[in-house]
Amino acid sequence: MTVSRVLTGNGSVSEKTRKHVLKTIAALGYVPSAAARSMRSKDALRSVASSCFALIFGADTQNADEFFCDVARGAEKEAANFGLCPLHVHWQENFDKSFPRLQTILSINGMCGAILAGQFCKNDIEKIKKHAKNIVIIDSPVVGDAGIACVESDNLGGCKLALNHLVEQKCGRVLVITGPKTHYFSQSMREAAKNFNDKFKIIDVIESDYTTQGGRETILKQWNNGKSYDGIFSNDTMAIGAVNALSKLELKIPKQVKVIGFDNIIYGQYIAASLSTIDIDKARLGSEGVQTLVDMIRGNKEISQIKKVIPAKLIIRKSTI
């Protein structure tokens, strides 16, 4: 009975006894049976012997490792609070290449759902839904009427914060470097740029690929073609490449060109002119995703009621002031 109380956290046990029991359990290598716990529990999370969920990273996340590593850490930490274990899957270029591994994971006994991080097309979501009852998508907005829960970043609000900061810094000629035009973050950047058309003398939008090299090449190409700007906005990774190109062109930051990024990745703090950026609490994205999944399993909310938005915050550093 005493051991049971320690394992379940129910009932009164002295701290000395609790430590002794846990030490003995560790020495013996004992692992509690999820199935046995589920038979006794009235909690829906336990009554189905749930022990793990799939954490699936979209193909687009491969160019944003720094961002989604923090998302994963947030998910891991929150999952531990519920005794859950996330099983990581990285999406390939298409469903056919990804599904064999995904099918293996989703068929594991104790699998209670899936969290999708990044961009997924509606068809892929529909196929995943056939194998996972509870699905949450994080960072990306839900596509159409996919019928899944959503924890998204306020990407549009963050893009507006970035451009408004360039307005406040008296920029007149602004370049916005986006990723692929079909990507949800690129769409937010383009929409924000349209909203600021009348705030700048020039605001050009150029498509790139979210990489450091892409940001660097875009800047060099624009200047070599006779274009010049006094304000640049992109995600952090491309902004770091842009700063490198501006240095090669012997342009001073922020005196001649101000640069602002988006994502607040750690590397942005350590370039010569530390990068102003828009911060999204990445760990919170992951933790809210897990909390939402748990709410769905327990039946606390209908899927249609679950849409959370993580706010954006402006961080000002040396690249703009």
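No lab work stands behind these numbers, since they all come straight from the coordinates. None of these values were measured; they are calculated from a predicted model. Note that we place each Cβ from the backbone using ideal geometry, even for glycine, and neighbour counts take in every protein chain shown.
Brief remarks follow.
- Between helix 212-224 and the chain: long-axis angle, C-alpha atoms, 0 to 90°, nearest 10: 10
- Where the alpha-carbon atoms of region 155-280 are placed on the principal axes, they occupy 32, 31, 26 Å, in descending order.
- The helix-only estimate of mean residue ellipticity at 222 nm for the chain, built from DSSP H runs of length n ≥ 4 each weighted as -39500 (n - 2.57), is -13000 deg cm²/dmol after division by the residue total.
- 10 Å beta-carbon shell around Tyr229, net charge (K/R +1, D/E -1): +1
- Span from the region 170-192 Cα centroid across to the region 277-300 one, whole angstrom: 26
- In summary, the lysines within cross-link reach of Lys170, defined as a Cα separation below 19 angstrom excluding same-chain residues under 8 places away, comprise Lys160, Lys194, Lys199, Lys201, Lys227, Lys252, Lys255, Lys258, Lys318.
- Kirkwood Rh and Cα Rg combined as Rg/Rh, region 227-312: 1.23
- Straight-distance candidates among the lysines for linking to Lys122, with alpha-carbon spacing under 22 Å and chain neighbours fewer than 8 residues away dropped: Lys97, Lys130, Lys133, Lys181, Lys307, Lys308.
- Shape analysis of the chain yields a ratio of the Cα radius of gyration to the Kirkwood radius, Rg/Rh, of 1.08.
- Residues Thr237, Thr218 arranged by fewest to most Cβ contacts within 10 Å: Thr218, Thr237
- Integer Hz, Karplus 6.51/-1.76/1.60 couplings in order for region 227-232, x for Gly and Pro: 8, 8, 9, 10, x, 10
- Sequence of Asp139, Asp70, Asp65 once ranked by neighbouring C-beta atoms within 10 Å, starting from the fewest: Asp65, Asp70, Asp139
- Spherically averaged projected area of region 194-237 from its Cα convex hull (nm²): 3.4
- Residue-count net charge about Glu207 - beta-carbon cut-off 14 Å; Lys, Arg +1, Asp, Glu -1: 0
- Taking the longest Cα principal axis of the chain as reference, the axis of helix 236-248 is set at about 30 degrees.
- Region 81-165 - Rg and Dmax from Cα coordinates, angstrom: 15.0, 50
- Ordering Ile232, Ile266 by the number of other Cβ atoms within 10 Å of each residue's own Cβ, fewest first, gives Ile266, Ile232.
- Local net charge near Gln92, Cβ-Cβ under 13 Å (Lys/Arg +1, Asp/Glu -1): -2
- Simple spin-label estimate for Lys201 and Lys255 in nanometres, 7 Å along Cα-Cβ: 2.0
- Nearest 10 degrees, 0 to 90: helix 65-81 Cα axis against the chain principal axis: 20
- The GluC sites (Glu not before Pro) of region 46-106 that meet both conditions, a loop assignment by DSSP and at most 15 other Cβ atoms within 10 Å of the site Cβ, are Glu93.
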